[in-house]
Amino acid sequence: MSYLKIYDTTLRDGAQNPFVRFTTEGKLEATHVLDELGVDYIEGGFPQAGGHCDYFSKVKDTTEAKIAAFGMTPRTYDFDNDPSMKALLDTDADVITLVVKTPEPQIRRVLGKSPRVYRAIAGDAIRYLKSLGKEVVVDAEHFFDEYKRSPGSAMALLDECGDADWLVLCDTNGGAMYRDVSGVVRDVIREVGDRVGVHFHNDRGLALANTLKAAYAGARHLQVTMNGMGERTGNANLVEVVGNLYDKGFGIEAEPHKLTDASRSMEKLSGWSMTPNAPFVGRLAFSHSGGMHSDAMLKWQKSYEHAEPGTFGNERAFPISGQSGRAAITMKLSQWGYDMDKNHPVVRGLLDDIGGMGYVGDAQFYLMFSRYDSSYHDPIEIESMRVTDNICLLYTSPSPRDLSTSRMPSSA
């Protein structure tokens, strides 16, 4: 069995989504949600950006997961005074994740350094951190782009960073194609061993496919974010990665039956809402509204589901809408304690009532059902009604220029 390490970067990479905002207390609560789920690493943030010191001091020794601090490769050999290195070490995190640029053109043009000098500094910084007892993760930025341009150049970076515990191949622009991922990962593993990780962005909509490809090719460290949140189009989604791999011969500490609660908790803490039809954990992931589907589900629950909803902490649902058939109606009524078959007059009447309607909420449907009870009385009686329609006309004064060019009547 191949054991996979799940490295969650929601609190740093996920929070780069401009609509996501974690308070310090929210970050602490989110950390414990992820820890309870069973992820192996939780990246706590980029301390050099500020606002993270309280988080690292408060979270220390409170989780089973390892807490990582993220930062840039130092620009000089003066590690004791380098701002990035100092910010990382001030967190007292047990795991340090260094982002190291892979492409030679970026090293030259963005950093203004020679690739040889920059890589040597990165290698020495890793050895310095290891001498302090830190576990070191290297995020090889733009690795897949550089490997496509120059495999030798990309591998030179990994060779220089070889003392790190994990070498993570990053698809920073989100442009990698899944057909290429397996080959690249296998090539790297042949050179450096199985301490290889991957980090995919979703700009092509392929972050999940690429992550799965990498896992099957031998990558053992998978970087993800909860609900796929992240900059631009987001990152590989923790829920989807775990949901797809947990029972495929991989050892994963994250517990799939906790995914729904974790996902929905993170919605509240981050302010970022997942779509209702999100796989595994969405409120519609196991819902059956179509008449043919709901009828089949009542007869055999495997008819239209790839797995039991409870496997992921979710629930089966039969929402009522204009597309519903009698089976969905009888299922909904049975949940409320009414035993009626599909041919019951009330069921047939309700089917006619909802025809042509969109989604019907439970409260609305219950009121519709209640009207078939002879003892039912509307809770509200309308005695009179008055409707008014006010029209507001907005006048604006013309500018002097308008007055000068308008056709004003001449004076007498």
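Points to keep in mind about this one:
- With Cα atoms defining each centre, the range 94-156 and the range 200-276 are spaced 25 Å apart in the structure.
- Shape descriptor for the chain: Rg over Rh equals 1.15 (Cα atoms; Rh from the Kirkwood inverse mean 1/r).
- Within the range 156-186: backbone nitrogen closer than 19 Å to the Thr233 label point (7 Å, Cα to C-beta): 170-182
- Per-pair calculated FRET efficiency, R0 = 51 Å: Glu25 and Asn343 via Cβ, rounded to 0.05: 0.35
- Between Asp165 and Ala307, the simple spin-label model (points 7 angstrom out along Cα→Cβ) gives 2.8 nm.
- Among 37-47, 127-137, 220-230, 325-335, sorting by the average number of other beta carbon atoms lying within 10 angstrom of each residue, highest first, gives 220-230, 37-47, 325-335, 127-137.
- Long pairs among Lys134/Lys258; Lys5/Lys213; Lys148/Lys213; Lys268/Lys332, criterion Cα-Cα beyond 21 Å: Lys134/Lys258; Lys268/Lys332
- A Gaussian network model of the chain, with springs between Cα atoms under 10 Å, assigns the largest mean-square fluctuation among Ile96, Ile107, Ile382 to Ile382.
- Options Thr63, Ile42, Phe79, ranked by Cα towards positive dipole end of the range 28-136, top entry (Cβ charges): Phe79
- A Förster radius of 56 Å, combined with the Cβ-Cβ distance separating Arg316 from Asp124, puts the computed FRET efficiency at roughly 0.50.
- If the segment from Ser114 to Thr62 were pulled out straight at 0.36 nm per residue, it would be longer than the present Cα-Cα gap by 14.5 nm.
- For the chain, size of Cβ-based charge dipole, Lys and Arg +1, Asp and Glu -1, in debye: 1260 debye
- Length gained when the stretch Lys86-Ser131 is fully extended (0.36 nm per residue, less Cα-Cα span): 14.7 nm
- Taking every DSSP beta bridge that has both ends in the chain, the antiparallel portion is near 5%.
- Amide H contacts for Gly234 (H built 1.01 Å from N in the peptide plane; partners 5 or more residues away or on another chain; cut-off under 5 Å): Asn202.
- Binning the C-alpha pair distances of the range 166-279 at 5 Å intervals from 0 yields a P(r) profile of 2, 12, 22, 23, 20, 13, 5, 2, 0 %, listed from the shortest bin outward.
- Size of electric dipole in the range 102-228: Cβ of Lys, Arg +1 and of Asp, Glu -1, about Cα centre, debye, nearest 20: 140 debye
- Cα-based convex hull volume of the range 88-231 per residue, rounded to whole Å³: 116 Å³
- Apportionment of accessible area to carbon and sulfur, the chain, percent (1.4 Å): 50 percent
- The chain: angle of helix 178-192 to the longest principal axis, Cα-based, in degrees nearest 10: 30 degrees
- For the range 143-153, the Karplus equation 6.51 cos²θ - 1.76 cosθ + 1.60, evaluated at θ = phi - 60°, returns couplings of 4, 5, 5, 5, 5, 5, 6, 7, x, x, 5 Hz by residue, with Gly and Pro reported as x.
- A Förster radius of 45 Å, combined with the Cβ-Cβ distance separating Ser370 from Lys268, puts the computed FRET efficiency at roughly 0.85.
- The long axis of helix 259-270 is offset from the longest Cα principal axis of the chain by roughly 80 degrees.
- Taking amide H atoms as placed 1.01 Å from N in the peptide plane, the amide H of Ser287 lies under 5 Å from those of Ala317, each 5 or more residues away in sequence or on another chain.
- Check: the range 129-190 dipole with +1 on Lys, Arg Cβ and -1 on Asp, Glu Cβ, in debye: 200 debye
- Normalised alpha carbon radius of gyration of the range 1-123 [divisor 2.2 N^0.38 Å]: 1.16
The values are calculated or read from the model by the stated rules, or taken from the named source; none is laboratory data. Everything quoted here is computed from the prediction, not taken from an experiment. Note that we place each Cβ from the backbone using ideal geometry, even for glycine, and neighbour counts take in every protein chain shown. The protein model used for the area step is the full one, side chains on, heavy atoms only, and it has no ligands, DNA or RNA in it. Shrake-Rupley method; radii C 1.70, N 1.55, O 1.52, S 1.80 Å.
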